[in-house]
1. Which of the residues that make up region 48-86 are modelled with pLDDT of 95 or more and more than 16 Å from the chain's Cα centre (by Cα)?
2. Just give me the residues in region 40-57 being of a type in the set (D, E, K, R) and either open to solvent by less than 50 Å² (accessible area, probe 1.4 Å) or assigned to a loop (DSSP other than H, G, I, E, B) (or both), in sequence order.
3. In region 58-93, what residues are open to solvent by 60 Å² or more (accessible area, probe 1.4 Å) and either in contact with a strand residue (DSSP E or B) (Cβ under 6 Å, 6 or more places away or on another chain) or of a type in the set (S, T, N, Q) (or both)?
4. Within the set of pairs 6 or more residues apart or between chains, which connect a residue that is closer than 12 Å to Ile58 by Cβ inside region 18-41 to a residue that is open to solvent by less than 20 Å² (accessible area, probe 1.4 Å) and at pLDDT below 95 with Cβ atoms less than 8 Å apart?
5. If Ala37 meets every condition in (1) open to solvent by less than 70 Å² (accessible area, probe 1.4 Å); (2) part of a loop (DSSP other than H, G, I, E, B) apart from one, which number is that one?
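The values are calculated or read from the model by the stated rules, or taken from the named source; none is laboratory data. Computed from a predicted model, the values in this text were never measured in an experiment. Cβ sites come from the backbone with ideal geometry, for glycine too, and all protein chains shown count toward neighbours. We work out accessible area using only protein heavy atoms, side chains counted, and drop any ligands, DNA or RNA first. Shrake-Rupley method; radii C 1.70, N 1.55, O 1.52, S 1.80 Å.
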Amino acid sequence: MHPSPDRPTSKREAILEASMQVLATKGFHGFFIKQVADHAGVAAGTVYLYFADREDLIAQLYQWITEKFAQVVFAQHDPAQPFESQYRQLCAG
């Protein structure tokens, strides 16, 4: 059985998705590990198995979002095409 594309594939991913939701609704100053854990459906201690602290979680969240964005942007990228065509394809989205 394959995971649903709308569901996290791991606890780490569930924590990252929950972190994004908490940051979006509560902001940085209202961002607490307990809230993230509750949103992710894990114990607060589980968050610390994957992330050293709140700052580490936010830094890894930024990296995760950047990687996801790059996957979408470069999904149709064809490096065999001339540079100008590659550029136009990336800009066109």
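1. Result: Tyr48, Leu49, Ala52, Asp53.
2. If the condition is that a residue be of a type in the set (D, E, K, R) and either open to solvent by less than 50 Å² (accessible area, probe 1.4 Å) or assigned to a loop (DSSP other than H, G, I, E, B) (or both), then Asp53, Asp56 are the ones that fit.
3. Gln63, Thr66, Gln71, Gln76, Gln81, Gln89
4. Once the first residue is closer than 12 Å to Ile58 by Cβ and sits in region 18-41, its partners that are open to solvent by less than 20 Å² (accessible area, probe 1.4 Å) and at pLDDT below 95 give Ser19/Phe31; Val22/Gly30; Val22/Phe31; Leu23/Phe31.
5. Checking Ala37 against (1) open to solvent by less than 70 Å² (accessible area, probe 1.4 Å); (2) part of a loop (DSSP other than H, G, I, E, B), the one that fails is (2).
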